[in-house]
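Visitor: Okay, here's the structure, questions in a sec.
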Amino acid sequence: GENVEQHPSTLSVQEGDSAVIKCTYSDSASNYFPWYKQELGKGPQLIIDIRSNVGEKKDQRIAVTLNKTAKHFSLHITETQPEDSAVYFCAAMETSYDKVIFGPGTSLSVIP
Amino acid sequence: NAGVTQTPKFQVLKTGQSMTLQCAQDMNHEYMSWYRQDPGMGLRLIHYSVGAGITDQGEVPNGYNVSRSTTEDFPLRLLSAAPSQTSVYFCASSFRDSNYNEQFFGPGTRLTVL
């Protein structure tokens, strides 16, 4: 089955700096890669996703890149703000299998 | 829309007790799933369902049962609670569409088994 690894497990950045979180997946059939943000005491919420036919996707300060050959995908947050502090999860899915497998999470702290 | 709702928010059980965690969604989503979240382990899939009457096992199904009699509801049953089942449980739902797979999560149930 699919296995998703995520690094780093914790990340501290100064406000205004960039943050990068990296994930790898094992199943070459996976074709959908979402990123979720979880604030304290809440359920995860989708912030951006990418499909295997696209190499990069941007949404304001957030971007995701995908390298299918290497089975890597990354989340980039630019101009970080204190409200970006949260736990971020990457995930992988083969859409016909209906199973979304999550990475272990990255706790991001943005220091004002 | 209420989205995905879960009850209870908190629960304490003794070893061997049984209980049902409730999950409901009002978005007419075909797909529903249960995850458990433990420190350093991320979200691990317990069971999922692609429609009423259809369920399947995820990564960590042992000790849990599910059923899906309606589109809206997807309860998770613990038959004989064990301390290893102490965790935060999240229910999620989504459409089954190859172009739209966003999962919507409930607020979670924090379960402690003594």
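The values are calculated or read from the model by the stated rules, or taken from the named source; none is laboratory data. All figures in this text were calculated on a predicted structure; none of them were measured in a lab. Heads up, the Cβs are rebuilt from the backbone with ideal geometry, glycines too, and the neighbour counts pull from every protein chain shown. Each accessible area value is taken on the protein alone, full model and side chains, heavy atoms only, with ligands, DNA and RNA left out. Shrake-Rupley method; radii C 1.70, N 1.55, O 1.52, S 1.80 Å.
Visitor: Would you give the gap between the C-alpha center of the stretch B:1-68 and the C-alpha center of the stretch A:43-94, rounded to a whole Å?
Guide: Cα centres, the stretch B:1-68 to the stretch A:43-94: 25 Å.
Visitor: Still on this structure, I have one more. GNM, chain B, Cα, under 10 Å: largest mean-square fluctuation among B:V88, B:V50, B:V12?
Guide: B:V12
Visitor: In terms of modelled amide H atoms, which long-range or inter-chain residues lie less than 5 Å from the amide H of A:D27?
Guide: Hits under the 5 Å cutoff: A:N3.
Visitor: At 7 Å along Cα-to-Cβ for each site, give me the label-to-label distance between B:N28 and A:L46 in nm.
Guide: Result: 1.7 nm between the two label points.
Visitor: Sequence-distant or interchain residues sharing an amide H contact under 5 Å with B:E59, placed H: which?
Guide: HN-HN under 5 Å from B:E59: B:L45, B:I46.
Visitor: Two decimals is fine: what's Rg over Rh for the protein assembly as shown, C-alpha atoms, Kirkwood radius as Rh?
Guide: Here Rg/Rh amounts to 0.97.
Visitor: When the Karplus curve 6.51 cos²θ - 1.76 cosθ + 1.60 is applied with θ = phi - 60°, which whole-Hz ³J(HN,Hα) does each residue of the stretch B:86-94 get, with x for Gly and Pro?
Guide: Here the 3J(HN,Hα) series is 5, 5, 9, 10, 10, 9, 9, 9, 7 Hz.
Visitor: Using amide H atoms built in the peptide plane, which far-off residues or other-chain residues are under 5 Å from B:G3 H to H?
Guide: B:D26
Visitor: Filter the chymotrypsin sites (Phe, Trp or Tyr not before Pro) in the stretch B:32-114 to those in DSSP coil with at most 16 other Cβ atoms within 10 Å of their Cβ, and list the result.
Guide: Here the sparse-neighbourhood loop sites are B:F95.
Visitor: Now a separate question. Got a sec to turn the phi values of the stretch B:43-58 into Karplus ³J(HN,Hα) couplings, 6.51 cos²θ - 1.76 cosθ + 1.60 with θ = phi - 60°, whole Hz, x for Gly and Pro?
Guide: 3J(HN,Hα) across the stretch B:43-58, in whole Hz: 9, 10, 6, 8, 9, 8, 9, 9, x, 4, x, 10, 9, 8, 7, x.
Visitor: Accessible area per residue for chain B in Å², computed with a 1.4 Å probe and the full protein assembly in place, what is it?
Guide: About 46 Å² of surface per residue is accessible.
Visitor: Rounded to whole Hz and in sequence order, give me ³J(HN,Hα) for the stretch A:74-86 from the Karplus expression 6.51 cos²θ - 1.76 cosθ + 1.60, θ = phi - 60°, writing x for Gly and Pro.
Guide: Each residue of the stretch A:74-86 in turn: 9, 10, 10, 10, 9, 6, 4, 10, x, 6, 7, 4, 4 Hz.
Visitor: Among B:L79, B:L45, B:L21, which one shows the biggest mean-square fluctuation in a GNM of chain B, springs joining Cα atoms closer than 10 Å?
Guide: B:L79
Visitor: Quick one: length gained pulling A:A29 to A:H72 fully straight, 0.36 nm per residue minus the C-alpha distance?
Guide: Contour length minus Cα-Cα distance gives 14.1 nm.
Visitor: Could I ask something else about it? Once you put a point 7 Å from the Cα of A:E56 and another 7 Å from the Cα of B:K14, both along the Cβ direction, what distance in nm separates them?
Guide: Label-label distance for A:E56 and B:K14, simple model: 6.1 nm.
Visitor: Rounded to the nearest percent, how much of the accessible area of the protein assembly as shown (1.4 Å probe, protein heavy atoms only) is carbon and sulfur?
Guide: 48 percent
Visitor: Follow-up. Given a 1.4 Å probe and no ligands, DNA or RNA in the count, how much accessible surface is buried by B and A, both sides, to the nearest 100 Å²?
Guide: It comes to approximately 1700 Å² buried between B and A.
Visitor: Which is the longest run of chain B containing none of the trypsin sites (Lys or Arg not before Pro) found in DSSP loop states (not H, G, I, E, B) with at most 13 other C-beta atoms within 10 Å?
Guide: Result for the longest clean stretch: B:15-114.
Visitor: Classify chain B from the C-alpha gyration tensor, please: rounded if a/c falls under 1.5, else prolate or oblate depending on whether a/b exceeds b/c.
Guide: Because a/c hits 1.5 or more and a/b exceeds b/c, chain B counts as prolate.
Visitor: Given the protein chains as shown and a 1.4 Å probe, how many square angstrom of A:E15 are accessible, to the nearest 10?
Guide: That residue has around 90 Å² of solvent-accessible surface.
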